[in-house]
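Heads up: the structure comes next, in structure tokens.
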Amino acid sequence: MEVRKHQKVTSRNDVFADKITTRIWEEVPSENNPYIASNNRCHGYDLIELMQQKSYVDMFYLLFRGNLPSLDERQLLEQLMVGLINPGPRHPATRAAMNAGVGKSDPQNILPISLTIMGGEYLGAGAVEGAMRFMRKHRRENPVETADAMLTELAEQRPKEGDWHIAPGFGSHFGGVDLMPSKLAAVLARLPASGSMLDWGMGFSSALNKKEIGWLTVGVAAAVFADLGFHPRYGAGLFQLLCAPGLLAHGMEQANKPITAMPFVSDKAYVIDYE
Amino acid sequence: MNKPDTSLWDKQRNKIISKKGGWFVGDGVYCHGYNMMDELVGKVSYMQVVMLNATGRLPKRPVADWFEAVHICLSWPDSRIWCNHIGALGGTMRASAVASTVAGVLATDSRSYGIKPLKEGVAFIQAAMVALKGELSVDEIVVNECEKHGGKPYIMGYARPIAKGDERVPAMELVAKNLGFSVGEHLKLAYEIDRILLAQFNEGMNINGYMSAFLSDLHFTSEEVYRICATLVASGVSACYVDMRDRPAETFLPLKCDDIDFQGKPHRTL
């Protein structure tokens, strides 16, 4: 083997920050113990005052956006939060939570386990940023024309089996149009704070319906996040947060049951086929 | 609207068709065609089975030994490293060893460090080989790649962050030599890129570049490398977890309120 001369290992002496900086949260030290905070403030507002005067949705919006929402913004976010609160017991992320629950995994691990699966790019948080960017890119186009053009140009990409996501946030589900996302979007689109993304998505989805394609839940969430002014990179985490209650509820429901309370595929129905 | 065809899903209900293996109670445990207890346990290394499960192919022992060595190279017990830092935080707040280690491993799904850049490294050297065979010179390949980054030598697998030079490359070269591996065409190309970058930018190949080229010579795809290395950093994270778990709680880099530099809005009332 060739003998090579190796570069001597030396530090680049990168300059790292002396302190962690944040614009979100201020902890005011107490007089006697610099590790103990006497007051907490979120974007300048005292936490105790926020607890007494504001809703959880107000606080949620403030935390991420830096200011309290208008009444219309709060209404839109709150209705989305209700709509997304439970992916349902058939969703793979919920099933991961239930599996952890019935398997007697530590309760504190149920949410991280299921949220990790919810991070997936297929109907999960991993699809939200792409959907936000897709709608931002096309929002000035006529959604019907864009849909028709994509259906024509991408027709050959439709897989012979399985679902087709023609664009991030839009596709078929179990071979057809998923109905609940469309219902959620229709309700949300009527709210005053609903904006151009949701409106564009409604038109795009409708134009796709003729090919058994429509809104996916991640697309609806992406449109609302965009209309509320969230940056696309926040989309994945926000989606996970909003779905988390349902994941935990289903996981804990199974945690109190015997391990036999969920199906375990029989040997007869378990087939090894290396081909 | 037509009734959708759901036959794909109907066929899979209440049954599992595995291409990997399974356990049949009272019969045996099977893994990619091998009877695990009779043919694998005690006969092959753990890393060979890791690679079998990740790629579907049982590698020869030297390849698995090389992979095991590179796992040692890429995970060390320094809690300043980002994934290890997470393990240490888990220890200081008494999260479990499993949760903390997994959390650290999860952090390596990162654009900046860990396993994902390996995918890019393998993809780069394999694309560079295609370009070389398409009659671009190595110099032209380097120039083209640097042009994508404003003329700077930001090629995945070269110009290591934090430090210049990489002590892991000579260590793994020695491992490869002792295991009987020779230098293949991808590694030759990587060395040539290294030589050009050192001459022009004083930047050399890092462990990512070496691994990517070495494994490309063994015909691994970028996705296979990623899958084999999924838990690459686990041992270093565990070490940093244990270090802090065995000390008083919340003593890992404790922060006074004033240690956080608040740069947000001043106090305001509702």
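The values are calculated or read from the model by the stated rules, or taken from the named source; none is laboratory data. If you're wondering where the values come from, they're calculated on a predicted model, not measured in any experiment. Quick reminder, even Gly has a Cβ in these numbers, built from the backbone with ideal geometry, and neighbours come from all protein chains shown. Just the protein is used for accessible areas: all its heavy atoms, side chains included, with ligands, DNA and RNA removed. Shrake-Rupley method; radii C 1.70, N 1.55, O 1.52, S 1.80 Å.
Only one of the numbered conditions (1) within 23 Å of A:Val82 (Cβ to Cβ); (2) of a type outside the set (A, V, I, L, M); (3) touching a Leu at 6+ places or on another chain (Cβ under 9 Å) is not met by A:Gly201, and that is (3).
Here is a yes/no grid of residues against (1) in contact with an Asp or Glu (Cβ under 8 Å, 6 or more places away or on another chain); (2) of a type in the set (A, V, I, L, M, F, W, C); (3) away from chain A (no Cβ under 11 Å):
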residue: B:Ser18; (1), (2), (3): yes, no, no
residue: B:Lys60; (1), (2), (3): no, no, yes
residue: B:Trp76; (1), (2), (3): no, yes, yes
residue: B:Cys83; (1), (2), (3): no, yes, yes
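Could you tell me whether any residue of region B:244-253 is at pLDDT 95 or above, under 30 Å from A:Thr10 (Cα atoms) and within 13 Å of another protein chain (Cβ to nearest Cβ)? The answer is yes; a qualifying residue exists. Within region B:85-106, the residues that satisfy the criterion of being within 14 Å of chain A (Cβ to nearest Cβ), outside any loop (DSSP other than H, G, I, E, B) and among the aliphatic types (A, V, I, L, M) are B:Ile86, B:Leu89, B:Ala97, B:Val98, B:Ala99, B:Val102, B:Ala103, B:Val105, B:Leu106.
Residue pairs whose Cβ atoms lie under 8 Å apart, sitting 6 or more positions apart in sequence or on different chains, and linking a residue in region A:25-53 that is over 19 Å from B:Asp259 (Cβ atoms) to a partner that is at pLDDT below 95, are A:Tyr45/B:Leu270; A:Glu49/B:Leu270; A:Leu50/B:Leu270; A:Gln53/B:Leu270.
Within region B:249-266, can one find any residue that is in a helix (DSSP H, G or I) and in contact with a helix residue (DSSP H, G or I) (Cβ under 7 Å, 6 or more places away or on another chain)? No, region B:249-266 contains no residue that is in a helix (DSSP H, G or I) and in contact with a helix residue (DSSP H, G or I) (Cβ under 7 Å, 6 or more places away or on another chain). Considering A:Leu84, A:Leu80, A:Leu76, A:Leu71, the condition of being within 29 Å of A:His43 (Cα to Cα) and over 17 Å from the mean Cα position of the chain (by Cα) is satisfied by A:Leu71 alone. Exactly one residue among A:Leu184, A:Leu208, A:Leu151, A:Leu188 is within 14 Å of chain B (Cβ to nearest Cβ), open to solvent by less than 60 Å² (accessible area, probe 1.4 Å) and part of a helix (DSSP H, G or I), and that residue is A:Leu208. For region A:103-114: of the residues being under 21 Å from the mean Cα position of the chain (by Cα) and open to solvent by 40 Å² or more (accessible area, probe 1.4 Å), which is farthest from A:Ser205 (Cα to Cα)? Here the residue is A:Gln108.
The set of residues in region A:89-102 that are open to solvent by 10 Å² or more (accessible area, probe 1.4 Å) and closer than 17 Å to A:Tyr122 by Cα comprises A:Pro89, A:Arg90, A:His91, A:Pro92, A:Arg95, A:Ala96. Number of residues in region B:20-56 that are more than 16 Å from A:Tyr274 (Cα to Cα), within 14 Å of another protein chain (Cβ to nearest Cβ) and open to solvent by 50 Å² or more (accessible area, probe 1.4 Å) equals 3.
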